Amino acid sequence: MSSKINHHQKINGQIFPQPCPHLADFRARSGSKPFWALHDCLRVKPPGGRAAIRRDPFEVPRCGTCGDASRPRIYACMACAAVSCHEPPQSSHAAAHAASSACSRLDHEIAVDVDRAELFCCVCGDQVYDRDFDAAVVLAHTSGSLQPMKPENLRKRRRIDYRPWTPDLRERTVMVNNASPIDGTSTSRDDLPLGLRGLNNLGNTCFMNSVLQALFHTPPLRNYFLSDRHNRYQCQSKNGVRLCLACDMDAMFSAVFSGDRTPYSPAKFLYSWWQHAANLASYEQQDAHEFFISMLDGIHEKVEKDHRKPHNQGRGDCCIAHRVFSGILRSDVMCMACGFTSTTYDPCVDFSLDLEPNQGSSMKTGSTKLSYSCNGEADKMKSSQNCGKSTLMGCLDRFTRPERLGSDQKFFCQQCQIRQESLKQMSIRKLPLVSCFHIKRFEHSSARKMSRKVDRYLHFPFSLDMAPYLSSSILRSRFGNRIFPFDGDEPDTLDDLSSEFELFAVVTHTGKLDAGHYVTYLRLSNQWYKCDDAWITQVNENVVRAAQGYMMFYVQKMLYYKASENQVPS
């Protein structure tokens, strides 16, 4: 738009549009409700779509001057409803209509975009903003259907080609003088990448081994420990602490990347974890996801005690665990009566997702209704909801889909000053370096006093774009280019690359709830390997796709290095 820079001012560090004088005149001459006539013409698609202005849902607006309906912008005059096109820097019939009607008593300067429900000043040639108008559009979203829709007009995101890194002369000199390369070619199994080493099962500890294998090959975490950022000898001499999960992780990274292929026994780490999570200290089978959360909490707790000062966990600057896995979730609760939105931000280290229900079932019953196994065994109470398949993108769509809260979950609206029904929507405010997706396969029913496992197949991609699930994308897709929902919000500075992720580890679970087994599939040098406790085998990617994913680990594409051909050192 022309002159957009001149229509903004900075107040208290925030950028707000300057009031348009023509809009002010229009409001002054049109009474207390200048946009009341547009309320019946607002057509809002289900949440996720844009608002539009149509007298008839199937109407195709055309410019009254040239009759063209394909112009980028079609505007309807707020005074006489005349439809005109606007395509700068070419001729603007909307501006011509405003100029030709200047002698009349009505104000024809203000028009509305019929495809985006946004106000436009034909004289200024720029968008204008009005809180009352934006509030009416935002409120109109709450009356739309809550059924999911496929996203429209999703532009292709920019991708870059992979370029293998080759050190220059200076970098070679630095590496020779400061690095101590690990020689992993002296073993009898040098066909496996460095760092692939089996872990002995110490008694129902496959849940621990599977998660540790994923963490050993998490790029930021691996680089942190292998670069001696946490030295266990200095930590113990400085703090005098015998039990430290970070120190045990440092010892395990050294052992796993030593080049030795014989299975390693993480007994010291298991003992330290038992001291941290005494309620889980037993030789019974535990949940891999619960172990993952507990272990990150143990590393975080140790750092908190060492520094003795508060850290912002949501920013991910407190410890290596949160630097790698910490993100921020945004929760918007909107009043269905007035459109007031209450926004909260919560830190997270993973994303727990419900599986998609089969078509024909309720959209939000995944976390409240009991599911049963469909693994082929006789089960009189077998549920059809377990059969079929889900997709990771579908689970993320369901996670970020608006949910109408029931009458028993009314929240107190600060604007209405009473409890009102509301619409809740989750989104991702900040993406972590490594995203861990946990699939809720174990469901519990307190009413029936039963616990079951959901064996539905989940399709997960090897490359994932998280841009559609970011707060900025969801809010802008829902409300369009308006300022009403974004007041006081921080601007998003994410670039195209930071929203693209690559899969590098999959933790799977087979069997029943009380008698199952965990296995991890690792993607190293663009080849997949199966880590089954002490056994490491190479597998085809089709085996990974067919596996029953329980935890998926994705790293930002900018941190993921694809395989290149083996180079012979000169």
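Every condition in (1) modelled with pLDDT of 70 or more; (2) surrounded by 14 or more Cβ atoms within 10 Å (Cβ to Cβ) is met by residue 415 except one, and the failing one is (2). Beta carbons closer than 7 Å, at least 6 apart along the sequence or on distinct chains, pair a first residue in the stretch 403-417 that is free of Cβ contacts under 8 Å to residues at least 40 places away in the same chain with a second that is open to solvent by 60 Å² or more (accessible area, probe 1.4 Å) for 407/421; 410/419; 410/421; 412/419.
Each residue in the stretch 389-418 was checked for being in contact with a strand residue (DSSP E or B) (Cβ under 9 Å, 6 or more places away or on another chain) and farther than 25 Å from residue 502 by Cβ, and 14 pass. Restricting attention to the stretch 531-549, the residues that are polar (S, T, N, Q) and open to solvent by 70 Å² or more (accessible area, probe 1.4 Å) add up to 3.
For the stretch 204-211, indicate whether the set of residues that are modelled with pLDDT of 80 or more, among the aliphatic types (A, V, I, L, M), under 22 Å from residue 507 (Cβ atoms) and in contact with a strand residue (DSSP E or B) (Cβ under 7 Å, 6 or more places away or on another chain) is non-empty. Yes, the conditions are met somewhere in the stretch 204-211. Among residues of the stretch 272-295 being out of contact with any Cys (no Cβ under 9 Å at 6 or more places or on another chain) and among the hydroxyl-bearing types (Ser, Thr, Tyr), the one that is surrounded by the most Cβ atoms within 10 Å (Cβ to Cβ) is 294.
To keep it simple, each residue is scored yes or no on (1) more than 25 Å from residue 427 (Cβ to Cβ); (2) at pLDDT 95 or above; (3) open to solvent by 10 Å² or more (accessible area, probe 1.4 Å).
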{"site": "457", "(1), (2), (3)": "yes, no, yes"}
{"site": "473", "(1), (2), (3)": "no, no, yes"}
{"site": "476", "(1), (2), (3)": "no, no, yes"}
{"site": "485", "(1), (2), (3)": "no, no, yes"}
{"site": "488", "(1), (2), (3)": "no, no, yes"}
{"site": "507", "(1), (2), (3)": "yes, yes, no"}
{"site": "513", "(1), (2), (3)": "yes, no, yes"}
{"site": "516", "(1), (2), (3)": "yes, no, yes"}
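Counting only helices (runs of 4 or more DSSP H) wholly contained in the stretch 231-303, the ones carrying 1 or more residues that are under 30 Å from residue 513 (Cβ atoms), in contact (Cβ under 8 Å) with a residue 24 or more places away in the chain and in contact with a Pro (Cβ under 8 Å, 6 or more places away or on another chain) occupy 245-256. With respect to the stated conditions, residue 163 is under 28 Å from the mean Cα position of the chain (by Cα), at pLDDT below 80 and of a type in the set (Lys, Arg). Restricting attention to the stretch 412-427, the residues that are closer than 15 Å to residue 332 by Cβ, among the aliphatic types (A, V, I, L, M) and in contact with a Phe, Trp or Tyr (Cβ under 9 Å, 6 or more places away or on another chain) add up to 1. Being at pLDDT 75 or above, of a type outside the set (A, V, I, L, M) and either open to solvent by 70 Å² or more (accessible area, probe 1.4 Å) or not in a helix (DSSP H, G or I) (or both) is the requirement here; does residue 228 meet it? In short, yes. Checked against (1) open to solvent by less than 50 Å² (accessible area, probe 1.4 Å); (2) touching a helix residue (DSSP H, G or I) at 6+ places or on another chain (Cβ under 8 Å), residue 213 meets all criteria but (2). In summary, residue 356 fulfils each of the numbered conditions (1) at pLDDT 60 or above; (2) part of a loop (DSSP other than H, G, I, E, B); (3) open to solvent by 60 Å² or more (accessible area, probe 1.4 Å) with the single exception of condition (3).
For (1) acidic (Asp, Glu); (2) modelled with pLDDT under 75; (3) more than 17 Å from residue 111 (Cβ to Cβ), each residue gets a yes or a no:
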{"position": "25", "(1), (2), (3)": "yes, no, no"}
{"position": "38", "(1), (2), (3)": "no, yes, no"}
{"position": "43", "(1), (2), (3)": "no, no, yes"}
{"position": "66", "(1), (2), (3)": "no, no, no"}
{"position": "72", "(1), (2), (3)": "no, no, no"}
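Any idea which residue in the stretch 386-408 is least open to solvent (accessible area, probe 1.4 Å), counting only those that are more than 22 Å from residue 454 (Cα to Cα) and modelled with pLDDT under 80? In this case the residue turns out to be 406. Test residue 131 against the stated conditions and say whether it is loosely packed, with under 15 Cβ neighbours inside 10 Å, modelled with pLDDT under 85, under 20 Å from residue 23 (Cβ atoms) and basic (Lys, Arg). For residue 131, the condition - loosely packed, with under 15 Cβ neighbours inside 10 Å, modelled with pLDDT under 85, under 20 Å from residue 23 (Cβ atoms) and basic (Lys, Arg) - is met.
Here's the yes/no breakdown for (1) at pLDDT below 90; (2) surrounded by fewer than 18 Cβ atoms within 10 Å (Cβ to Cβ):
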position	(1), (2)
308	yes, yes
312	yes, yes
315	yes, yes
318	yes, no
327	no, no
337	yes, yes
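In the stretch 422-453, the qualifying residues are those that are at pLDDT 85 or above and not in a strand (DSSP E or B), and the one that is surrounded by the most Cβ atoms within 10 Å (Cβ to Cβ) is 432.
Among the residues of the stretch 74-100, those identified as in contact with a Cys (Cβ under 6 Å, 6 or more places away or on another chain) and modelled with pLDDT under 85 are 94, 95, 98.
Applying the condition of being within 40 Å of the chain's Cα centre (by Cα) and among the aliphatic types (A, V, I, L, M) to the stretch 58-82 and asking which residue is surrounded by the most Cβ atoms within 10 Å (Cβ to Cβ) yields 74.
The values are calculated or read from the model by the stated rules, or taken from the named source; none is laboratory data. Every value quoted in this text rests on a predicted model; they were computed, and no experiment measured them. With ideal geometry, Cβ positions are generated from the backbone for all residues, glycine too; neighbour counts draw on all protein chains shown. When the accessible area is computed, the model is the full protein with side chains, heavy atoms only, and any ligands, DNA or RNA have been set aside. Shrake-Rupley method; radii C 1.70, N 1.55, O 1.52, S 1.80 Å.
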